[in-house]
1. Would it be correct to say that A:TYR59 is of a type in the set (Phe, Trp, Tyr), surrounded by 24 or more Cβ atoms within 10 Å (Cβ to Cβ), facing chain B (nearest Cβ under 10 Å) and within 18 Å of A:VAL181 (Cβ to Cβ)?
2. Of everything in the stretch A:62-104, what is of a type in the set (Val, Ile, Thr) and surrounded by fewer than 19 Cβ atoms within 10 Å (Cβ to Cβ)? Give them in sequence order.
3. Would you check if B:ASP130 is among the charged types (D, E, K, R), closer than 15 Å to B:LEU20 by Cα, in a helix (DSSP H, G or I) and within 12 Å of the chain's Cα centre (by Cα)?
4. Going through the stretch A:16-49 one residue at a time, which ones are touching a residue at least 24 places away in the same chain (Cβ under 8 Å), in a helix (DSSP H, G or I) and surrounded by fewer than 18 Cβ atoms within 10 Å (Cβ to Cβ)?
5. What's the number of the condition A:THR190 fails, among (1) closer than 21 Å to A:ALA89 by Cβ; (2) crowded, with 18+ Cβ neighbours inside 10 Å; (3) over 16 Å from the mean Cα position of the chain (by Cα)?
6. Suppose we filter the stretch B:209-228 for residues that are in contact (Cβ under 8 Å) with a residue 12 or more places away in the chain and part of a helix (DSSP H, G or I); how many remain?
7. Does any residue of the stretch A:71-87 turn out to be assigned to a helix (DSSP H, G or I), modelled with pLDDT of 90 or more, away from chain B (no Cβ under 14 Å) and more than 16 Å from the chain's Cα centre (by Cα)?
8. Mind counting the residues in the stretch A:193-216 that are at pLDDT below 80, farther than 17 Å from A:LEU20 by Cα and surrounded by 13 or more Cβ atoms within 10 Å (Cβ to Cβ)?
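The values are calculated or read from the model by the stated rules, or taken from the named source; none is laboratory data. Everything numeric in this text was worked out from a predicted model, so none of it was measured. Virtual Cβ from ideal backbone geometry, glycine too; neighbours counted across all protein chains shown.
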There are 2 protein chains.
Amino acid sequence: MEQQEDRFTDPAYRAAVIDLLGTLAYGELSAFIRLSTDADLAPTLAAKAAVAGLAATEYAHFDRLRARLVEIGADPEQAMAPFVEALDAFHERTKPSSWLEGLVKFYVGDGIASDFYREITAYVDPGTRDLVLGTLEADKRASYVLHEVRQAISEDPIKGSRLALWARRLVGEALSQGQRVAADRDSFSTLLSGTGELPGMGLAGIVSMFSRITEQHTKRMAEMGLSA
Amino acid sequence: MEQQEDRFTDPAYRAAVIDLLGTLAYGELSAFIRLSTDADLAPTLAAKAAVAGLAATEYAHFDRLRARLVEIGADPEQAMAPFVEALDAFHERTKPSSWLEGLVKFYVGDGIASDFYREITAYVDPGTRDLVLGTLEADKRASYVLHEVRQAISEDPIKGSRLALWARRLVGEALSQGQRVAADRDSFSTLLSGTGELPGMGLAGIVSMFSRITEQHTKRMAEMGLSA
């Protein structure tokens, strides 16, 4: 706990954590809104209720992240503001045109984002780490989506190749918006790459992180029955 | 508790309670989805977060109602199904075209629905009553909406007369969809009006209930600074 307080006296560290929590918070809030909107596409009442449940979980995460921002003396709106444009652009460019596209988007997007945030937690204080990891436990949520997508593909294989294409588009958009954020936000990039004062993964570390994330993504695609 | 079990052995009573919980559950689920969708219209991040919070509360209510349906041996999807068409039609015909319209819709719709369900609880067993009343405590949610609408009207009075017109349309649509449900669902109407076996409010009681609800609605409109 004391060590944690120590790190927050470093303005660069503090700014990086606020960026981390801010992007995560707006990510959850915008995922909540998109997912709830997608619930309208649900083919059955049970599916609608299930997706509403996923969305409600995203809101609960958002609420915890917001509380943490307040706790460390940051303004949640100000912390989220720098990431609104990139996240909104991502969602704007990847509006699902069907129920299945919505599910695949949730699974792919949630998976990549979770992997990324999990990697970052290696460089933050224990309090921040626990909070971030707590918002990432996606197992229960994922199994519902997995089941739905696999069943749909097994009934109609052509759907599988269309959804694989859709997933590639999602990854492309996520990467291009992610690069935009990294270029704009020095404090965030510094947390990742490290500087004299802050331990980070370095450039080589970043490259290997991306290869790990890609590997995980390929694995998730295979789980759904889709080629990456 | 024993008395409660007794009442459930009466098939007419049981059917009426399932109807009550089913309509309430789908009401919360569809309100959740509509409200989350409206969050997209929010002018600020703080407003977006606030509306997402209102929506998440609706989901929590839905979840409790669904659990209760399962508890009394009913299928939640089957219980909700008869009310999907009317509630979807209501939302379809009353899509807010602005952030303020969305807030007024929430305040007016939530208010009328709450008053109606509260009236019904006089005729149900204590377990059902507590659950229904628990989903209706709207004070905390309402105060945010009230504040926003009043402020917007004080800044631009023309907005006030437009929103008053909008609220009248909402009430008209709510009444016409409500009548449709009442005409379709005998068990529900019977709970309200009563029969030989079931105590109800009778026709005169229904008329006076509507006048009480109208009165409350007029009061809420005045609170927002709108003429009913």
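1. No; evaluated as a whole, the condition is false for this residue.
2. Result: A:VAL70, A:ILE72, A:VAL84.
3. Against the criterion (among the charged types (D, E, K, R), closer than 15 Å to B:LEU20 by Cα, in a helix (DSSP H, G or I) and within 12 Å of the chain's Cα centre (by Cα)), B:ASP130 does not qualify.
4. Here is the first cut: in the stretch A:16-49, the ones touching a residue at least 24 places away in the same chain (Cβ under 8 Å) are A:16-32, A:34-35, A:38, A:41-43, A:47.
Then drop every residue that is not in a helix (DSSP H, G or I), which leaves A:16-32, A:34-35, A:38, A:41, A:47.
If the condition is that a residue be touching a residue at least 24 places away in the same chain (Cβ under 8 Å), in a helix (DSSP H, G or I) and surrounded by fewer than 18 Cβ atoms within 10 Å (Cβ to Cβ), then A:LEU41, A:ALA47 are the ones that fit.
5. So A:THR190 meets the others, but not (1).
6. Count: 9.
7. Within the stretch A:71-87, one or more residues are assigned to a helix (DSSP H, G or I), modelled with pLDDT of 90 or more, away from chain B (no Cβ under 14 Å) and more than 16 Å from the chain's Cα centre (by Cα).
8. Of the residues in that region, 1 qualify.
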